[in-house]
1. Carbon and sulfur atoms: what percent of the 1.4 Å accessible area of region 114-273 do they account for?
2. Could you tell me whether region 35-110 comes out rounded, prolate or oblate from its Cα gyration tensor? Rule is a ≥ b ≥ c as square roots of the eigenvalues, rounded for a/c under 1.5, then prolate if a/b exceeds b/c, otherwise oblate.
3. Specify the longest stretch of the chain that does not include any exposed loop site, a site being one of the trypsin sites (Lys or Arg not before Pro) with a non-H, G, I, E, B DSSP assignment and at most 12 other Cβ atoms within 10 Å.
4. At 0.36 nm per residue, minus the direct Cα-Cα distance, what do Glu139 and Ala80 gain on full extension? Give it in nm, one decimal, please.
5. With a 1.4 Å probe and every protein chain left in place, work out the accessible area per residue of the chain in Å², rounded to a whole number.
6. What is the local net charge at Ala204, summed over the other residues whose Cβ is closer than 12 Å to its Cβ (Lys, Arg +1; Asp, Glu -1)?
7. Count charges around Ala36 for me, please; just the other residues with Cβ under 11 Å from its Cβ, Lys/Arg as +1, Asp/Glu as -1.
8. Taking all protein chains as present, what is the carbon and sulfur share of the accessible area of region 35-110, in % to the nearest whole number, probe 1.4 Å?
Amino acid sequence: MTVSPLVDLTRSLRLIATASCSRSSRTNLAVAGAYATEAIVLRSFRTGEADRVVHLLTPGFGRVNVIAKGARKTTGKMGARLEPLTRIDAIVQPGKSDLSTITGADVLWSGDELRRDPIRALAATGGIEAIVRLFPEPEPDERLYRGLQRYLEALTEPLGDDVRGGADTITLGFVLKLLALAGWRPEVAACVACGAPTAVYDAAAGCAFCASCGSGSPLDPIAASAAAQLLAEPLGVVTTPAPVARAAIARVCRETAEQHGGVRLALLGQGVTA
Ligand SMILES: [Zn+2]
C-alpha cells in the first residue's frame, strides 16, 4: 500500500513539531536554571589562564561558589565587580558540578573604601574568616546575609581617632553575633551560678563564672560587660573597650568556636593580640 501524500506530509509535520518542541524545551530548561540573586563576595581565587573562582554568600541560596570566565582579562569588566567584600546583583548559571558560572554582575556596594584602608581591611579578614568557618554549609539564612551586609557597612563608617580599636570592636561584635546565630551564644554578663561579677569563661559550658563557682580562661567584669553589650546592641554602637578587654573578648570568641564548632578563628583580634 502506498502512503498518500497527505498522510506523509502530516507525519513529516508532526516529526518536525516534535523535534522543535523537544529542542525548545531543552533550551527553556537551560534558561530556567539560571537565576538572579544579590550576593556578597567572600573570597576570590585565580584559576586557569584568565578565570576566577569566587565564593559568594547569598540571602536565598546560601553559599554559592562560581567561576567567572575571563574575569582576569584586561578587557573583562567582570573582575573588578568580583573583588572580596563587594555586594552585587549576580546572574548565576548552575553547572553539573558544585561550581556554577557567573554570567553577569552589577555592583550594589563596591567595598572600595574598606579594601583601601589596611586597618579596616585587616579587621574585615577576621569577620570573613568567621563567617566562612562557622557557616560552611550551603543552607540559606537571610539573617546571616543581612548581618554580613551590616557588618561591612559598619566597618566603613567613621570610627573616630582609634580606627583600629573601632574596627576590632565592630568585628568582635559581629563574631559574637555569629556565634549566637550558630547556637553558641556565650553567657558572659555575670557568673551564671550566683550572679556575682565574672572572673573566668568556661568555653565548654559556654558561660562565665565568678572565682568561687567555676574555672576557665580569665574574663574580668569589664571585658565581660563589654562582650554582653556587644551581643545585645547593634553593630557600631558600643564604645571601644580597652585593648586588654578586646583581647579577652577575642579569646572568648576563639575558644567558643573551637570548643563547639571545631574551627579555629586564626585572624580574629590580630591587632590586639599580636
Ligand atoms: Zn559565682
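1. Carbon and sulfur: 54 percent of the exposed surface of region 114-273.
2. It is oblate, given that a/c is not under 1.5 and a/b is not larger than b/c.
3. Free of exposed loop sites, the longest segment is 97-263.
4. Additional length available on full extension: 18.5 nm.
5. Spelled out: the 1.4 Å probe surface of the chain, per residue, equals 51 Å².
6. Once all neighbours under 12 Å are counted, the net charge is -3.
7. -3
8. Of the solvent-accessible surface of region 35-110, carbon and sulfur hold 48 percent.
The values are calculated or read from the model by the stated rules, or taken from the named source; none is laboratory data. Note that the structure is predicted; figures quoted are calculated from it, not measured. Backbone-built Cβ (ideal geometry, glycine too); neighbour counts: all protein chains shown. SASA here: full protein model, heavy atoms, side chains in, ligands and nucleic acids out. Shrake-Rupley method; radii C 1.70, N 1.55, O 1.52, S 1.80 Å.
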